[in-house]
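A short write-up of the structure that comes next.
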Amino acid sequence: MTQLPSRSVIVVGGGITGLTIAVALQGGGHKVTLIARDAPKDTASGVAAGMIAPAMEAMNDSDPAFSFQRLKAAQMAWQDLLPLWPQSLQFLWDEVLEGHSYFVWPGGAGEAPESLRLTGAELAPVSDDLRHRLGIQPELSAVRVSGDGNVSAMTLLQAFEDHFRVLDGVMVRGEVERTEGGRVHVAHIGWMAADEVVIAAGCDSHKLDVFPLSPIKGHLLDLPANRPSVVLRGATGYLATRTDGARFGATMQAGRADLDIEPAVVADLKGRAKTLFPDLELDKAVPRTGIRASTPDGWPLIGRDPASGVLVATGMRRNGYVFAPMAAKIILALVEGRESPDGGIYRPDRFRNPEN
Ligand SMILES: Cc1cc2nc3c(=O)[nH]c(=O)nc-3n(C[C@H](O)[C@H](O)[C@H](O)COP(=O)(O)OP(=O)(O)OC[C@H]3O[C@@H](n4cnc5c(N)ncnc54)[C@H](O)[C@@H]3O)c2cc1C
């Protein structure tokens, strides 16, 4: 698969983006050092609901059909990368393919919301029996959204991290303070060098001179799972369940980069959860917060920054689990001197040099 000799690569960031890139690079025969400040559970990736939901994400955008197309292409990169992953990780794609995702809305029978229909995703009716098994209240209408799915975020992060170590990946827990050409300065450690440096440090990538990024804080509730693995989503919130737990979320607090748990926000979230799913054990809810990285056009920054020469993969906003394999494909291609498979649409300098 590798067209060039094996290259050494430093990946800064151990969330879903950095880990997926690191594993893909290893699969391509490259030597990877991953530097991460935080344990996976303490990253936005560890807090995320793990939905890989092109349709239900696109329906919130101004052009749902366009967004759906892009998100769907990113989702398919999961499948493209499977040959680089060991058999033990193939279950990840199976989890996505299970795809039990439903949109719910108040009112009796009727068409699904226009914004969802505009995505072009395949929608299917839900039988009364299934509604009952999924705990969808009689007052809510529901439609199955084909192709949207979810994974257990922590299971996936752990699987990638374990696999990375098994393949002799070097994992460094530390904070990168700056980058300079093919090297990075790590606090209390010093300079480390490689053929390539990839910055996949989420919203904090801006501290390493990756622009333009802005934070969007999100609260969600960790809950005991009381349903089969499923995503139930309405206009005011979603419930994403896997066998290891459920998550109800989430808030979108633009401009906020702190991780404080805000009691008023939690109370509002619980109120929304109770309205949609009265059977949830909200007294057992544990609030969590994470910070998403957003860009002015809402799409990620993935590619080589011509100014610094570093490779960049961040700005995943609400869709890190959708975009991580696409980011990995792009970074792998660039490390190997190939054309970027996205045709450059996510190039990180597009706001500085819009004409190029
Ligand atoms: C409440 C909530 C729910 C969400 N639900 C979903 C969902 O269902 N589906 C979905 O696709 N997305 C979801 N998201 C978005 C998703 O979490 C992000 O898009 C994704 O986690 C971004 O991953 P990342 O690896 O780019 O960044 P992060 O997860 O933020 O990881 C950044 C990494 O960089 C490291 N780092 C940062 N700075 C440095 C430094 N200077 N030196 C060394 N290491 C550094 C951190 O320690 C961490 O390891 C959700 C987000 C939130 C907040």
Show the residue pairs meeting these rules: Cβ distance below 7 Å; 6+ apart or different chains; first residue within the stretch 164-185 and closer than 30 Å to Leu89 by Cα and in the same structural domain as Ala36 (by TED's automatic domain parsing); second residue of a type in the set (Lys, Arg) and in a loop (DSSP other than H, G, I, E, B). Gly174/Arg37; Glu175/Arg37
Return a yes/no flag: does the stretch 278-289 have any residue that is in a loop (DSSP other than H, G, I, E, B), surrounded by 14 or more Cβ atoms within 10 Å (Cβ to Cβ) and either within 11 Å of the ligand (Cβ to nearest atom) or in contact (Cβ under 8 Å) with a residue 60 or more places away in the chain (or both). yes
Hey, can you tell me all the residues within the stretch 33-42 that are surrounded by 17 or more Cβ atoms within 10 Å (Cβ to Cβ), farther than 12 Å from Ala200 by Cβ and in contact with a helix residue (DSSP H, G or I) (Cβ under 7 Å, 6 or more places away or on another chain)? Pro40
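Can you tell me which residue is nearest to Arg347 (Cα to Cα) among those in the stretch 294-312 that are part of a loop (DSSP other than H, G, I, E, B) and among the charged types (D, E, K, R)?
So in the stretch 294-312, the residues part of a loop (DSSP other than H, G, I, E, B) come out as 295-300, 305-310.
Right, trim to among the charged types (D, E, K, R) and you get 297, 305.
Details: Asp297: 12, Asp305: 8 Å.
Among those that are part of a loop (DSSP other than H, G, I, E, B) and among the charged types (D, E, K, R), it is Asp305.
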Among the residues in the stretch 40-50, are any of a type in the set (A, V, I, L, M, F, W, C) and over 18 Å from Val322 (Cβ atoms)? no
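The values are calculated or read from the model by the stated rules, or taken from the named source; none is laboratory data. Quick caveat, the model's predicted, so the values are computed rather than measured. No Cβ is skipped: glycine too gets one built from the backbone with ideal geometry, and neighbour counts run over all protein chains shown.
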